[in-house]
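**Q** Below you will find the structure I want to go over with you.
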Amino acid sequence: MTELICLWAPEGDAAVGPILQNVTASTPAGVSVAVPPGVGGAKGQLSYQADSTLGRALNEASQLDETADLVLVTARARLPAGWLEHLRSAAYSDDIVGAATALSDEVDSVLSQSEIDRLSVQAAQADPDPSGALRAYVAVLPPHCIYIRRSTLQLLGGFAQGVSDPWAVLAEFSARMIARGLVVSLASDVPIPATEKLADTGEGQDEEAVERRYPWLAAARSEQEARELGPLRRTLVATRTRGRPLSVTIDGRGLGTTGGTQTHIGGLVAALARERSASVRVIVRDEAPDHLVQRLQEGGIQVVKEDESAGLPRTDVAHRPQQAFVPEDLSLLRRLGERVVITHHDLIAFRNPAYHATPEEWRRFRRLTRLALGAADRVVFGSEHARGDAITEELIEPEWTELVGSAIESGADAAEPIAPPELDAGRPFIVMLGADYLHKNRLFALELMDQLRARSGWDGRLVFAGPHVPHGGSHGEEAEALGRRPELAADVVDLGPVPEAQKQWLLRHASALLCPSTYEGFGLTPLEAAVAEIPCLYAPLTSLKEVVGEEADTIVPWDPVISADRVLPLLTPGPERRRHLSLLAGAAQRHSWASVVRELNEVYRRAVASPYRSSVPRAWEELEREQLIVELDRARNDVNERWLDLQARVDHGLPLIDRGGLLTQRQQRGLMRIASRSWLRVPVLGPIGLLGRTNSSDRRSEPESPQP
């Protein structure tokens with residue numbers, strides 16, 4: 001296999017000399033090089049004159065060796081080492097490939113020249129390994145550095161003789177390739193920094209003529225420029241990120257509130273910024289407190305309010321470190337990141353209709369969960385149990401899942417702890433954090449507390465700290481249980497949601513942290529207890545047994561009597577408490593933010609490099625449909641509210657003004673004219689109002705008449 005390398009440039013371009021030296025130095029023996037007239041040392045000449053069109057000149061050059069493939073290089077292009085091997089590999093990567101092109105800013109308009117320069121240096125320093133290159137197809141050959149197989153030239157009969165403009169020559173050639181079922185392969189491992197654009201010598205006339213002849217060519221170009229989800233987009237994104245830190249957008253709109261998920265997001269954002277392994281941008285809610293924004297910015301994080309996020313450039317990855325709850329959660333990720341990563345903690349709300357306002361809301365959430373897990377390039381789970389649960393439900397294939405745990409900050413930088421005013425610091429207490437969802441099992445916590453008091457006389461209190469949820473909460477059942485046992489109720493304190501400073505005080509002063517949950521997605525509670533150096537009272541279920549192990553568990557599901565006997569030794573100093581705290585401390589050391597960030601960066605890299613799942617394009621299309629359903633539902637509710645309001649306002653008047661009503665249209669207009677004139681309204685309508693009055697309650701309920 002031989003190549004004929006053709007350098008093209010305007011006649012007499014002095015830049016051809018250096019590029020010729022570069023080409024001949026890296027060209028194997030037996031490869032011919034053709035250059036424009038006037039440049040010495042050429043083995044052949046490419047005529048580029050007004051009386052001989054470029055198409056004809058290319059045909060003449062290609063005949064210098066009728067068996068060789070043709071390589072066209074812009075005279076001002078800078079070629080990296082190994083460029084010819086990589087380009088040849090791309091051209092022969094498949095039987096349907098008719099030609100190959102190097103990577104330039106004409107192929108990827110997002111790439112800056114500085115990025116292409118960087119990639120070119122990396123390519124020159126790397127050992128040529130064409131087998132590892134990413135491959136994708138483009139629609140039209142750009143005139144920078146291209147490789148055309150001899151079989152393609154023979155099939156198409158060469159270039160259009162009457163065309164001179166370089167762009168038009170190759171567009172016409174590409175159109176005939178497409179029409180015959182051939183494609184152009186992108187050699188992403190051959191980045192070409194072009195110091196000067198190749199001029200359009202035909203002032204657009206040649207290109208217009210080509211597009212008239214092939215009216216579908218513009219559509220093919222548009223498809224390429226649209227960068228739809230697929231191999232071309234994946235290849236370009238993966239190429240851009242080669243050899244540099246990734247840029248990541250974190251959906252941090254959950255920050256600013258208390259809860260396990262929010263603790264996870266805050267720790268993750270801080271750790272990513274601290275490790276400096278990626279440039280981090282965080283999206284926060286418009287009402288995010290100033291102190292939160294300032295703290296993030298001081299950590300070197302770019303903070304963007306949600307209403308300012310429109311029009312932002314995409315980062316390499318967009319990551320939502322929690323489940324998606326509404327379609328906007330997913331559309332935000334697609335808009336702000338080239339590849340999408342979602343952390344999915346559990347399937348509790350997916351399975352439980354009680355946690356939603358209506359059955360339809362539950363079904364909508366289930367649809368959205370399927371879309372989220374089908375649209376993400378990678379789905380992160382905090383525990384093997386949560387990961388296996390999603391696979392069992394057939395929501396995602398195992399190869400697209402990742403297992404990355406969580407960690408807890410030491411709290412050294414946290415705000416100064418503040419005691420809740422409802423608590424007496426002199427009495428011991430067990431604290432239970434989190435919302436009152438039924439699976440959190442607060443009712444069992446009451447039973448356990450009752451047994452601790454009854455079996456040992458433990459003179460402590462049980463403190464709940466967390467919000468009351470609108471659907472699927474246990475608050476009502478707790479009130480009923482405590483109403484039947486007033487002596488127990490006296491030792492139970494429900495603080496509701498607490499600020500972070502009060503939460504830290506509770507953890508520092510509690511005798512133990514209670515977690516009788518039936519299902520936890522990422523077992524954060526034992527780590528919080530470990531940092532606070534207090535016991536964690538939990539059952540060895542779901543993710544909780546993965547974080548610490550079953551050696552440190554205390555609760556026997558769901559026996560309050562046996563559990564109370566196992567809890568008591570942990571509430572006071574002694575060997576059992578020391579052993580338990582040692583196990584928690586070991587778990588905290590294993591789950592560090594440094595290791596989490598390392599694992600997560602590998603996940604981001606795999607997301608960027610991996611092919612798109614076949615479900616991804618369809619999932620994003622379905623997301624648009626789901627968004628439309630939400631908008632139509634909102635519009636329907638708005639119309640219903642307006643209708644009810646209108647009905648309430650006109651209901652009493654309908655018998656008078658409805659079709660076939662008591663007043664004719666002329667009478668209605670007459671009354672309107674009377675009512676609109678203050679000097680007529682009182683004397684004429686006043687007596688009528690007296691006739692309509694029935695009792696004192698009527699007078700109180702009627703709206704006042706507008707004043708003149």
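Readers should treat all values here as calculations from the given coordinates under stated rules, not as data from a laboratory. The structure presented is a predicted model; accordingly, all values stated were derived computationally and were not measured. Don't worry about glycine lacking a Cβ; one is built from the backbone with ideal geometry, like all the others, and counts go over all protein chains shown.
**Q** Over 22 Å apart: what share of the alpha carbon pairs of the stretch 429-591 falls there, rounded to a whole percent?
**A** That fraction is 37 percent.
**Q** A further question on this structure: Given a Förster distance of 41 Å, report the FRET efficiency between E66 and R618 from their Cβ-Cβ distance, rounded to the nearest 0.05.
**A** 0.30
**Q** How large is ³J(HN,Hα) for each residue in the stretch 566-577, as worked out from phi by the Karplus curve 6.51 cos²θ - 1.76 cosθ + 1.60 (θ = phi - 60°), to whole Hz, x for Gly and Pro?
**A** Per residue, the Karplus-derived 3J(HN,Hα) values read 7, 6, 3, x, 8, 8, 9, x, x, x, 5, 5 Hz.
**Q** With a cut-off of 8 Å between alpha carbons and a minimum separation of six or more residues, what is the relative contact order of the chain in percent?
**A** Answer for the chain is 10 percent.
**Q** Just want to confirm a number: the relative contact order over the stretch 429-591, from Cα pairs under 8 angstrom separated by 6+ residues, in percent.
**A** The normalised contact order for the stretch 429-591 reaches 24 percent.
**Q** Is the shape of the stretch 542-613 best called rounded, prolate or oblate, per the rule: a/c under 1.5 gives rounded, else a/b larger than b/c gives prolate, else oblate, with a ≥ b ≥ c the square roots of the Cα gyration tensor eigenvalues?
**A** Verdict is oblate for the stretch 542-613.
**Q** Moving on to the next point. Could you tally the net charge around R606, taking each other residue with its Cβ under 15 Å from the Cβ of R606, Lys/Arg +1 and Asp/Glu -1?
**A** Around R606, the surrounding residues sum to -1.
**Q** Order by neighbour count: I688, I148, I534, fewest other Cβ atoms within 10 Å first, most last.
**A** In increasing order of surrounding Cβ atoms, one gets I688, I534, I148.
**Q** If you bin the C-alpha pair distances of the stretch 276-317 every 10 Å from 0, what whole percents do you get?
**A** All Cα pairs considered, the percentages come to 26, 55, 19.
**Q** Okay, next question. Using the 10 angstrom Cβ neighbour count as an exposure proxy, how do S185, S151, S331 rank, fewest first?
**A** The fewest-first ordering by Cβ neighbours comes to S151, S331, S185.
**Q** How large is the Kirkwood hydrodynamic radius of the stretch 354-446, counting all unique pairs of alpha carbons, in Å?
**A** Computed over the stretch 354-446, the radius equals 17.6 Å.
**Q** Rank these for me by crowding, R508, R88, R642, going from fewest to most other beta carbons within 10 Å.
**A** R642, R508, R88
**Q** Of all trypsin sites (Lys or Arg not before Pro) in the stretch 569-626, which ones are in loop regions per DSSP and have a Cβ with at most 16 other Cβ atoms within 10 Å?
**A** Passing sites in the stretch 569-626 do not exist.
**Q** Given points 7 Å out from each Cα along the Cα-Cβ axis, report the E361 to R649 separation in nanometres with one decimal.
**A** Output for this residue pair reads 2.9 nm.
**Q** Let me ask you something else. Relative to the compact-globule scaling 2.2 N^0.38 Å, provide the ratio for the alpha-carbon radius of gyration of the stretch 222-352.
**A** In units of the globular-protein estimate, the stretch 222-352 measures up at 1.10.
**Q** What is the dipole size for the chain, taken about its Cα centre, with +1 at each Lys and Arg Cβ and -1 at each Asp and Glu Cβ, in debye to the nearest 20?
**A** 1460 debye
**Q** Also, I was wondering about something else. Which of rounded, prolate, oblate describes the chain, given a ≥ b ≥ c as roots of the alpha-carbon gyration tensor eigenvalues and a/c under 1.5 marking rounded, otherwise prolate only if a/b is larger than b/c?
**A** In terms of gyration-tensor shape, oblate.
**Q** Shifting gears a bit: What is the dipole size for the stretch 246-407, taken about its Cα centre, with +1 at each Lys and Arg Cβ and -1 at each Asp and Glu Cβ, in debye to the nearest 20?
**A** That gives the stretch 246-407 a dipole magnitude of about 100 debye.
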